Structures are given as C-alpha cells and as structure tokens.
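First the structure, in the form of structure tokens, and then the observations on it.
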There are 2 protein chains.
Amino acid sequence: LGEFGTVTIVGVGLIGGSIGLALRARALASRVVGLGRDRERLARAQARGAVDDFSTDYEVALAGSSIVVVCTPVDCIAEDVARAARIVGPETLITDAGSTKQGIIERVVEDPESRVRYVGAHPIAGSERSGVDAARVDLFDGSVCVLTPVRSTEHRRTELAHAFWESLGCQVVSMTPMAHDEALAQMSHLPHVVAATLARSAPVASLAFGGGAFRDMTRVAAADPALWVSILLENRNAVLQSLDRFRLSLDEFRDLLHQADSERLAKWWRVANEQRGRFEQKIKPGRDLPPGSSFASNG
Amino acid sequence: LGEFGTVTIVGVGLIGGSIGLALRARALASRVVGLGRDRERLARAQARGAVDDFSTDYEVALAGSSIVVVCTPVDCIAEDVARAARIVGPETLITDAGSTKQGIIERVVEDPESRVRYVGAHPIAGSERSGVDAARVDLFDGSVCVLTPVRSTEHRRTELAHAFWESLGCQVVSMTPMAHDEALAQMSHLPHVVAATLARSAPVASLAFGGGAFRDMTRVAAADPALWVSILLENRNAVLQSLDRFRLSLDEFRDLLHQADSERLAKWWRVANEQRGRFEQKIKPGRDLPPGSSFASNG
C-alpha cells in the first residue's frame, strides 16, 4: 500500500485526474498532490477525489515527491519537466502522458537535470472531452502504455515507470520515440484529423441525415482545438506521412468506384474487413504486441 | 391493433428482421410474413420472433398482404418490387428500406404495376452487422425515415407509407430521390468508405496502438462487402462528389499543417467542433429537419 510514496500530478485534467483517481482507488500512493495554474480547477479535482492536496506553487506541490507525472499539453511538457527537475531530489522519477514523444524527448535530453529523471510515457487512453470532470477511475484499464526510454535513461528509472503505469491498469511496452510517433500518427492523430474533416465537409443541411456511422466517426471532432493543434504540430512529419498514405488509399478506392469495378471494390472492402478483424483481436485483453516493440522487464 | 393487416417482409435480415420485431412488439400487423430464398434463415427469423410465418414462395408469402416491405440489397429491390407487384392486389402498398433511391425509382417507374403501388423509403438506421441475429426491436426508435414519392406516386399511398414508418418509431420526412442520395452519400456512404480506408491504410504492426478514436472510426469497416459495393455503385455519382469535397477539405488541412499555421489550424478545428455540435443538436429527439425536406402530412 502506498508503494509509490508521494505522487505529484502536474496538470489535473482528463488524464491527470484519471491517474489521481486510479492511484487513490488502488491505494498506490501515500499521497497524491495536484499542481497547476488554476486554483479553482485544482479544487474541483480535489472535490472529485482525484488528489489529496493541491498547490499552484511548484516548490510546495513537489516537496517530498517520489514520482512526478506531467499531464500538461505536449508543447508544455519539456518545460514542465525541466521546472520540476530543478526542485525534486535526484531519485525522483519524472514521467509524462504526452501523445507525442520525439520532440519532447529531444528537448528533455538537452537538460542534464531533466534527462536523468525522465522516462517518456504515453498511456493510450482518452476521450473527446477534457478537464477533470471527464476523468474516470478506469480510464487506463486494458489500455496500452508506451514507454520511450532513450540512451540517457537510467534502467532502474524505466523499471519504476513500468511498475507505475502497469499499476494503473496499463499493458506496458517500450518503443523508440520515433516508432511511437509514427504508430500514433497512423492510429490516433490521422483518425482525429479525418473525423474533423468529415464533420467539416458535411453541408449543414445534411446533418440531420447522419446515422450511427457519422455519429461514431465524428465523435472526436469535438476534441479541444488547442490540445489537438499542439499534438499535430509536435508530430507534424509523421502526421503528414500518414495523411499521404491515407490519401493514396482513398484515391485507389476512388479509381475503382469511378470504373465501377464491382469485383475489385468487393476485394478492396474485404481487406478493410480483415484489418478491422485484426484490430479487434489486438485490442482484446492480453493483446499481442508487435515484434518491433518489447516489453520492458518489470524488475 | 393490427391496423396494417398482413405485412410481408421480403428479405428478413438486420433491417427486415427489426421491422418484424417492431411490428409484432407493437401489435401493428394482424400477421407478419417473411419471404426469402433461404428457408433456414427464415426459420431463424421466426424463432427470433421477427415473423409469424414464412415462405420461400412469392404467391404464398404475399397472399392477402396489405403492405409489402422490400428489405433486399439495393441492386435487387426494383426487381423484387416488380415481382411482388404482379401478385398483390391494386390496393397493396409496396415500400422498401434501400439506402439509395434514385436508381431504384428510375427502374420502378418504368413498370406500371410497380409504380402505382410503390413508395420509396429509407429508414436511416443500421449496424455494421447483418442478418436477423443482429435485428433489434428498437432499431428505428428516434431514427429518420426518408420517403421519396415522385409524380407517379399516389398521395394516399404516401400517407399510408408515412403512417407505417412512423408507427415503427421513425420521424418521417419527404425528399426527392436525388436530394436523398446526395445527403446519404455525404452522411453515410462517404463515412463508410473513409472507415474502410482508415482500416486499410493502417500498417498491421501499428494496430495494437489504436485507441477509442480508431475503434469507433473503423467500426463500420466490418460491414458486409457485397451490400456496400451495391450501395456505392448505385449511388456512384453522389459518392464520388462527396469524396471529392472530402479530399478538398483534407487537402486544405494538409496545407495548414505543412505550413505549421497554428492559428488557422485552431480555427479549422473549431469549425469541426461547431459542426459536431450542430450534428448533436440535430440528432436529438424532435430533431429539426432541413428546410429542403418537408414532412409528409399524415392524413
């Protein structure tokens, strides 16, 4: 009980709040402290049971912290890691929940205080909603959390990060930051862009005729613009690549439809069926993770 | 009770089965008869409670029928309407549940026996699953059903079709076949194509990193290839137009991302937020239907 000691969560929104709820429900920390700029939001996080205490002051919120989890937008993470690294002791683990990794890590490794303490992480879970009111105690149950240790990362710190994210309900896997960003561009960032494009390209007069497909496919178009613009800019190259691959595949379909080639259209659709079937297999509990990724040993 | 007399459902799969379940649960028909080619499937529909009786013989299944609902694939509907029209009396209403309308109606109006009896309909409800096992008694609750009467359609027959679909839980609206097909290309057919493209364009090795967005956005990629190829070919021109509009919108986004124009990207995303918000308003019960469509009076 309380194995992780004092855990400070920087940014107690959907992700930070869900981490706090899970830590407290599972009694994994002796104390969960919220750190942020907005006292009112922090008080709401405390009222929801996501944190024991909170402060807007880095020194106060980080006092005695064994683990710091930075859950701020991706364009703030490296800076927030550096600020925390200046305050916490040399044994403290700093991890994050950013949806992109390469850009953040490039900035983190330039700072000696940051790089010895930091293990990049991305728990793949979320919602189109944001803020602590959308936080859920079970948000990470059965999700994959990618760790992206690099050469400067201490092995024992990676092991602690592994144990931490696993304790929250994640299946933990290690990858390079670049492999992470490419996979996420394809599997999350591109789908978000496509959802927004579908929503945008529908004439207002047609909206009433949307059924379940349109509803499900535009759900994440409701996501926060500032958060998503940060993610897309941070992962710009990989997103552009995924977008181009998607457009090629769409053009291939367009040609088949234009030619009214029913046989090849059916074959094209069957491949989509198969891929969807594979995906459903992958997301079952105990999912089979790809050979390019390795499970960090949990020492 | 039993106000619609004997109703025959041609093709008792997801849609036909759901119609049968709703008719029987609401005691709207004196008798519900299933008609199809496969006795085993028809027997399963009866076991599920979707039909009272069934037959593979048109003459038998259509004897005494007041309403015939053709729920076969879109490329079979006009022919099935014509076959039924030769058997049933002059007062019988023949309606359908096809996802496309213009091509079907062009074929129907060429046949005098068909055109006097037929009122085109499309209840906008469904699932990526097919077959009677996926049928649901509440499939049409709160859905929109589009009627597409044309010049040759008898007004009283349109009124009966309106009453029939409304009694199943649909909000009924009338449109021209072309307006229907354009709206559905944008709101249903394009999203299905995009879902299949997203599923296809993801490298197998990345599938394990898909979260909720990818899951929801590829759900309908599991839909039946034969059914969907028929729909896409039937509505080819409108789908190609929607696809081109979608690609333009996607290219606009690509340029903004390429230029890393954070301000305009945020604006772009906010429009998507707004459209999704509008859609959520539209799909609330008592939805506000577009001015281009009119409510058929329910006499």
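General remarks:
- Segment A:89-128 shape via C-alpha gyration tensor axes, a/c threshold 1.5: oblate
- In the protein assembly as shown, the DSSP-assigned H stretches of four residues or longer account for a calculated mean residue ellipticity at 222 nm of -14500 deg cm²/dmol, using -39500 (n - 2.57) per stretch and the full residue count as denominator.
- Value of relative contact order over chain A, rounded to a whole percent, pairs C-alpha under 8 Å and six or more apart: 16 percent
- Gyration tensor (alpha-carbon) shape descriptor, segment A:150-221, a/c threshold 1.5: prolate
- Acute angle (nearest 10 degrees) that the helix A:236-258 long axis makes with the longest principal axis of chain A, alpha-carbon atoms: 20 degrees
- Mean Cβ neighbour count within 10 Å, used as a protection proxy, ranking A:276-282, A:33-39 highest first: A:33-39, A:276-282
- Area hidden from solvent between B and A (accessible, protein heavy atoms only, 1.4 Å, total, Å²): 8300 Å²
- Per residue accessible area in Å² of the protein assembly as shown, where ligands, DNA and RNA are left out and the probe is 1.4 Å: 40 Å²
- With Cα atoms, 0 to 90° folded angle of helix B:155-167 axis to chain B main axis: 70 degrees
- Residues listed by number, segment B:53-71, amide nitrogen under 11 Å from B:SER30 label point at 7 Å toward C-beta: B:64-66
- The protein assembly as shown, accessible surface, carbon-and-sulfur percent (1.4 angstrom probe): 48 percent
- Share antiparallel - DSSP beta bridges, the protein assembly as shown, percent rounded to 5: 15 percent
- With only the Cα atoms considered, the protein assembly as shown has a convex hull volume of 157 Å³ per residue.
- Estimated D of chain B in µm² per second, where Rh is the Kirkwood radius over Cα pairs and Stokes-Einstein applies at 37 °C, 0.692 mPa s: 161 µm²/s
- Hull shadow area, averaged, segment B:1-153 [alpha-carbon convex hull, nm²]: 8.1 nm²
- In nanometres and ascending order, the distances from the B:ASP57 label point to those of the other copies are 9.1 (point 7 Å from Cα along Cα→Cβ).
- Shielding by other protein chains, A:179-191, mean Cβ within 10 Å: 5
- Shortest-first nm distances, B:LEU1 label point to equivalent points in other copies (7 Å, Cα→Cβ): 6.3
- Between copies, the label points at B:GLU252 (set 7 angstrom from Cα along Cα-to-Cβ) are spaced 2.8 nm, reported in nanometres from shortest to longest.
- Segment A:1-85: GluC sites (Glu not before Pro) in DSSP loop, at most 15 other beta carbons within 10 Å: A:GLU3
- Per-residue mean of foreign Cβ neighbours for B:236-242 is 2 (Cβ atoms of other chains, 10 Å radius).
The values are calculated or read from the model by the stated rules, or taken from the named source; none is laboratory data. If you're wondering where the values come from, they're calculated on a predicted model, not measured in any experiment. Cβ coordinates were reconstructed from backbone atoms using ideal geometry, including for glycine residues, and neighbour counts include every protein chain displayed. These area figures cover heavy atoms from the full protein model, side chains too; ligands, DNA and RNA do not enter into them. Shrake-Rupley method; radii C 1.70, N 1.55, O 1.52, S 1.80 Å.
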